[in-house]
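Here the structure comes first, spelled out in structure tokens, and everything after it is commentary.
Read-outs throughout are calculated quantities, based only on the coordinates presented, and are distinct from any laboratory measurement. All values derive from a computational prediction rather than experimental measurement. Because the Cβ atoms are built from the backbone with ideal geometry, glycine has one as well, and the counts that use them run over all protein chains shown.
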Amino acid sequence: MYFRKFVVGDMANNNYLLIDNGEAVLIDCTDDIPELDSVLKENNAELKSILLTHAHFDHIAGVKKLQDKYNIKVYLHEDDKHALETTNDFMHAVGLPPIDIPTVNVYLKEGDKIKFGNCELDVLHLPGHTKGGVGYKIDNMIFSGDTVFLGSIGRTDLPEGNHATIIDTVKNKIFTLDEHTIIYTGHGADTTVEYEKKYNIINEL
Ligand SMILES: [Zn+2]
């Protein structure tokens, strides 16, 4: 499997491209990714899907443009449907310009599997930062959006965030993964389950 991380937009979001056997999936899409077309071409790959970790604007604002350009499916957990639909109310409330809301083709739930090439991603429901946050797991890698960061956890003061829920999610769904699992975060550096079990701020909460 080919794997590439792009850091995109004003909030330095991590967007991840995974390719196997000519099929590509993009995890979150913040804005235009200038290198995307050339990377797809170099790998002889076609973009099949965009997998959203959650519905916050900085993870979804680039999706609609790609949806208009490629024949792709967009995936989001069913519990973030309301957050998606009210994104521009939030933008308005905080004084930011509206974004183009993508069309979600597939609403996910815990345990779903997403195939591309000869690979398969497992969907883990990771509520707390939003109601419908998910992680996409393959082998010893998990792409977990804004649930856990290097040494910290996602904020829960935004609409539909819940502090007790994110703590439960990190302790019972992230820390229970194999210790060698690499956590690819929504912002900033990647980390591991082993490191976070030792050093995450959650241990002091
Ligand atoms: Zn977020």
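Values computed for the structure shown
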| item | result |
| --- | --- |
| Approximate shape of region 58-118 as ellipsoid semi-axes (Cα gyration tensor, √5λ), whole Å, largest first | 24, 16, 8 |
| Amide H contacts of His77 (H built 1.01 Å from N, under 5 Å, at least 5 apart or other chain) | Leu108 |
| Alpha-carbon gyration tensor eigenvalues x 5, square-rooted, for the chain, Å | 25, 21, 15 |
| CD proxy at 222 nm, helix term only [per DSSP H run n ≥ 4: -39500 (n - 2.57); per residue of the chain; nearest 500] | -5000 deg cm²/dmol |
| Extended-chain gain in nm, criterion 0.36 nm per residue less alpha-carbon gap, Asn203 and Asn71 | 43.1 nm |
| Residue exposure sequence - Leu205, Leu36 - by fewest surrounding Cβ within 10 Å | Leu205, Leu36 |
| Length added when fully stretched, Asn118-Lys81, from 0.36 nm per residue minus Cα-Cα | 10.4 nm |
| Exposure proxy order (Cβ contacts within 10 Å, fewest to most) of Tyr75, Tyr107, Tyr136 | Tyr107, Tyr75, Tyr136 |
| Separation between Cα centres of region 14-50 and region 147-205, rounded to whole Å | 26 Å |
| Sequence of Thr147, Thr191 once ranked by neighbouring C-beta atoms within 10 Å, starting from the fewest | Thr191, Thr147 |
| Integer Hz, Karplus 6.51/-1.76/1.60 couplings in order for region 189-205, x for Gly and Pro | 6, 7, 8, 10, 4, 4, 5, 5, 4, 7, 10, 5, 4, 4, 5, 9, 8 |
| Contour minus Cα-Cα distance for Asn140 and Asp178 (0.36 nm per residue) | 12.9 nm |
| Rg/Rg_globular for region 86-205, with Rg_globular taken as 2.2 N^0.38 Å and Rg from C-alpha atoms | 1.12 |
